[in-house]
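To start, the structure itself, in structure tokens.
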Amino acid sequence: MTPPASNPNLFAALRAAFPQDLDSVAVETAGGGAEPLHYTWRDLDRATAMMANLLASLKLPKGARVAVQVEKSVEAMVLYLATLRAGYVFLPLNTAYQSAEIEYFVGNAEPAVMVCTRANFGWISKIAFKAGTRHVFTLDDDRTGSLLERAAHCSDRHEVAPVAADDLAAILYTSGTTGRSKGAMLTHDNLLSNARMLKDYWGWRPGDVLIHALPIFHVHGLFVALHGALLNGSRMIWLGKFDPKLVVQKMPEATVFMGVPTLYVRMLAEPGLTREAVRNMRLFLAGSAPLLIETFNEWKDRTGHTIVERYGMSETAMLTSNPYAADARYGGQDERRGGTVGFPLPGVQLRVQGDDGTPLAVGEIGNIQVAGPNVFKGYWRMPEKTREEFTADGFFKTGDVGKIDGRGYVTIVGRSKDLIISGGYNVYPAEIEGYINELPGVAESALVGVPHPDFGEVGVAVVIPKPGATLEADAIIATLKSRLANFKIPKRCFVVNELPRNTMGKVQKNLLRDQHKGLFAGK
Ligand code: MCA
Ligand code: AMP
């Protein structure tokens, strides 16, 4: 049954885009050593209805959060769609997060429902129940778990829950420009307006097939890739985990691929990546971290395809993109310029300002600020923080530093926020330094990002011992590993006697970065 077009629920729009032939394949799994599974559009409709009915049967209050930390699977995707369908708020959590991290997110978001793997049920349910969560389900990537057992008893017919365009669809935790993680509140309209615009801008067309190889707990995999395919009624080749060899093998069956730069770097190391392998591909998209010009050029030489680099944030979804095709709105320019993130997308206002709030001239470097229907509603239960991150005239301060050239192309030259982006994941130095500083014998520490051939950038820790204390770099790393998500662990740690400081006594991280920038060169 087609939901009423007047319901601004994002799921209603995605459902309305399902193809006429509901028995055609919507998702085909690949990898993980298992036989491929095929899910039809009818399967997705029924499975989301059953899970939405299960959520509805829990009689949750309006705006209830459904927090999810599970391995990537089609059922996990169904859970996201079912949460939208039932009108609740989806809260995805990186599978690498450990107990202290989960405790913070669950304590802050107070989800009504938590879904985790069976292996983590013991500790996660304890944290969740303590935070007042009433329902904890399990879901594993082999189609088992209490969530599916319970949903199996529910009806496969479900009327999409009515919502207002401004109601929350998801909360994504991110550190914004400073401080502890904050929940970015994204509405149905934020996500749907962005998805519709990208469908048009990137020329999604009948017959497109997407290789989906990204995790589904961040904007890139969960929104940009998934909404793109669903809103176009396109089949997805679904990998539980990125595997460069398998992606290259699957390319002849696909037309669209999206990845963070590390995925492109790893695919370039595959001898199978040839012009023949990409003969049916239409579009390669990259984002979440800077794409090195070397990778951009090498990809063009090897495959004949020019990657379309775009730029976005958890708080805003997509903001800019290089052109897919000539577009009159941008003077008909169709050049995909390496090293730039392209033009502000239709509907997005993007400006560059000086630190004192003055607008800057073409080519001048300053703070990137944005406005548009895609910009989030604010940080969850942090009205003060939200106010700080917006200008008086309603622009969101991205914390990115960049410039706009005479033709309108935006280039990101750095960040005013102290953030390391490693393989597309964000690492906040203040968080890691906080953990290191609490270790016995540590006086102080600094974490800096240095170039890395695979992850683009990685964290390196520099630690000062307390007078008389002896510290072992390896022991520090080992302790951090037991407490923090693996991608946040510094790749190297140095114990030294002092940190470089300016006259104000502030640690000069740029000097540390310079000192260690060659650590991983050529590795
Ligand atoms: C894994 N490791 C990492 C990272 N990933 N180290 C630093 N940075 C990383 N990103 C380390 C692990 O700690 C582990 O180290 C070792 O690598 C192997 O771990 P494994 O999980 O097996 O790694 P992998 O499967 O090879 O993962 C690499 C990956 C993954 C595929 C590049 O990081 C990934 O999927 N990245 C994509 C992230 C993403 O989707 N970002 C989008 C955010 P050890 O052995 O020492 O324990 S959305 C966003 O940014 C905005 C809005 C936007 O614009 O899109
Ligand atoms: P997140 O907090 O995960 O939403 O990460 C958003 C940040 O990723 C942005 O503020 C940028 O610093 C960075 N980012 C995303 N796409 C790009 C890109 N194409 N080039 C450079 N940085 C990017």
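The values are calculated or read from the model by the stated rules, or taken from the named source; none is laboratory data. In this text, all values refer to a predicted model and were calculated from it rather than measured experimentally. Don't worry about glycine lacking a Cβ; one is built from the backbone with ideal geometry, like all the others, and counts go over all protein chains shown.
Check every one of the strands (runs of 3 or more DSSP E) wholly within the stretch 126-221 and list those with 2 or more residues that are touching a Phe, Trp or Tyr at 6+ places or on another chain (Cβ under 9 Å) and within 14 Å of ligand 2 (Cβ to nearest atom).
In the stretch 126-221, 168-174, 182-187 are the strands (runs of 3 or more DSSP E) which contain 2 or more residues that are touching a Phe, Trp or Tyr at 6+ places or on another chain (Cβ under 9 Å) and within 14 Å of ligand 2 (Cβ to nearest atom).
Are any residues in the stretch 98-142 touching a Lys or Arg at 6+ places or on another chain (Cβ under 7 Å) and of a type in the set (Val, Ile, Thr), and if so, which ones?
Matches in the stretch 98-142: THR138 only.
Exactly one condition in (1) over 19 Å from the mean Cα position of the chain (by Cα); (2) without any contact (Cβ under 8 Å) to a residue 60 or more places away in the chain; (3) within 16 Å of ligand 2 (Cβ to nearest atom) is false for ILE420; which is it?
Only one criterion in (1) over 19 Å from the mean Cα position of the chain (by Cα); (2) without any contact (Cβ under 8 Å) to a residue 60 or more places away in the chain; (3) within 16 Å of ligand 2 (Cβ to nearest atom) is unmet by ILE420, namely (1).
Within the set of pairs 6 or more residues apart or between chains, which connect a residue that is free of Cβ contacts under 8 Å to residues at least 12 places away in the same chain inside the stretch 308-321 to a residue that is near ligand 1 (Cβ under 8 Å from one of its atoms) and part of a strand (DSSP E or B) with Cβ atoms less than 8 Å apart?
none
Would you mind stating whether TYR428 is aromatic (Phe, Trp, Tyr) and either without any contact (Cβ under 8 Å) to a residue 12 or more places away in the chain or in contact with an Asp or Glu (Cβ under 9 Å, 6 or more places away or on another chain) (or both)?
So TYR428 passes the test.
Just give me the residues in the stretch 89-112 being without any contact (Cβ under 8 Å) to a residue 40 or more places away in the chain and crowded, with 19+ Cβ neighbours inside 10 Å, in sequence order.
ILE102, VAL106, listed by residue number.
How many of the residues in the stretch 259-311 are within 16 Å of ligand 1 (Cβ to nearest atom), among the basic types (Lys, Arg) and over 18 Å from TYR324 (Cα atoms)?
Here the count works out to 1.
Considering each of LYS466, LYS403, LYS417 in turn, give the residue that is closer than 30 Å to ARG351 by Cα, away from ligand 1 (no atom under 14 Å from the Cβ) and among the basic types (Lys, Arg).
After applying the criteria, what remains is LYS403.
If you scan the stretch 484-517, which residues turn out to be surrounded by fewer than 15 Cβ atoms within 10 Å (Cβ to Cβ), within 28 Å of the chain's Cα centre (by Cα) and assigned to a loop (DSSP other than H, G, I, E, B)?
The answer is LYS517, and nothing else.
Regarding TYR324, is this residue within 17 Å of ASN194 (Cβ to Cβ), more than 9 Å from ligand 2 (Cβ to nearest atom) and not basic (Lys, Arg)?
yes
So VAL401 fits all but one of (1) more than 11 Å from ligand 2 (Cβ to nearest atom); (2) farther than 20 Å from VAL308 by Cβ; (3) surrounded by fewer than 19 Cβ atoms within 10 Å (Cβ to Cβ); (4) of a type outside the set (Phe, Trp, Tyr); what number is the exception?
The failed condition is (1).
Quick check: anything in the stretch 236-254 within 16 Å of TYR324 (Cβ to Cβ), touching a residue at least 40 places away in the same chain (Cβ under 8 Å) and either within 15 Å of ligand 1 (Cβ to nearest atom) or surrounded by fewer than 21 Cβ atoms within 10 Å (Cβ to Cβ) (or both)?
No.
Would you say LYS523 is out of contact with any Lys or Arg (no Cβ under 9 Å at 6 or more places or on another chain), loosely packed, with under 15 Cβ neighbours inside 10 Å and among the basic types (Lys, Arg)?
In short, yes.
Kindly list, by first and then second residue, each pair from a residue in the stretch 499-523 that is closer than 30 Å to ARG266 by Cβ and aliphatic (A, V, I, L, M) to a residue that is outside any loop (DSSP other than H, G, I, E, B) and modelled with pLDDT of 95 or more, limited to pairs with Cβ atoms under 8 Å and residues at least 6 apart or on different chains.
What qualifies is LEU512/ALA446; LEU512/VAL448; LEU512/VAL460; LEU512/VAL462; LEU519/VAL450; LEU519/VAL460; LEU519/ARG492; ALA521/PRO451.
If a residue has to be at pLDDT below 95 and aliphatic (A, V, I, L, M) to count, how many in the stretch 1-44 make the cut?
So the answer is 3.
Does GLY363 satisfy the condition of being more than 16 Å from THR316 (Cβ to Cβ) and within 15 Å of ligand 2 (Cβ to nearest atom)?
No.
Tally the residues that are surrounded by 15 or more Cβ atoms within 10 Å (Cβ to Cβ) and of a type in the set (Gly, Ala, Ser), restricting the search to the stretch 350-388.
Qualifying residue count, the stretch 350-388: 4.
Which residue out of GLY347, GLY331 is within 25 Å of the chain's Cα centre (by Cα) and surrounded by fewer than 17 Cβ atoms within 10 Å (Cβ to Cβ)?
GLY347
Suppose we keep only residues that are small (Gly, Ala, Ser) and crowded, with 24+ Cβ neighbours inside 10 Å within the stretch 313-328. Which one would you say is nearest to ligand 1 (Cβ to nearest atom)?
This residue is ALA317.
Inside the stretch 33-119, counting only helices (runs of 4 or more DSSP H) that do not spill past its ends, which hold 2 or more residues that are over 18 Å from PHE137 (Cα atoms) and in contact with a strand residue (DSSP E or B) (Cβ under 7 Å, 6 or more places away or on another chain)?
The helices (runs of 4 or more DSSP H) meeting that bar are 41-57.
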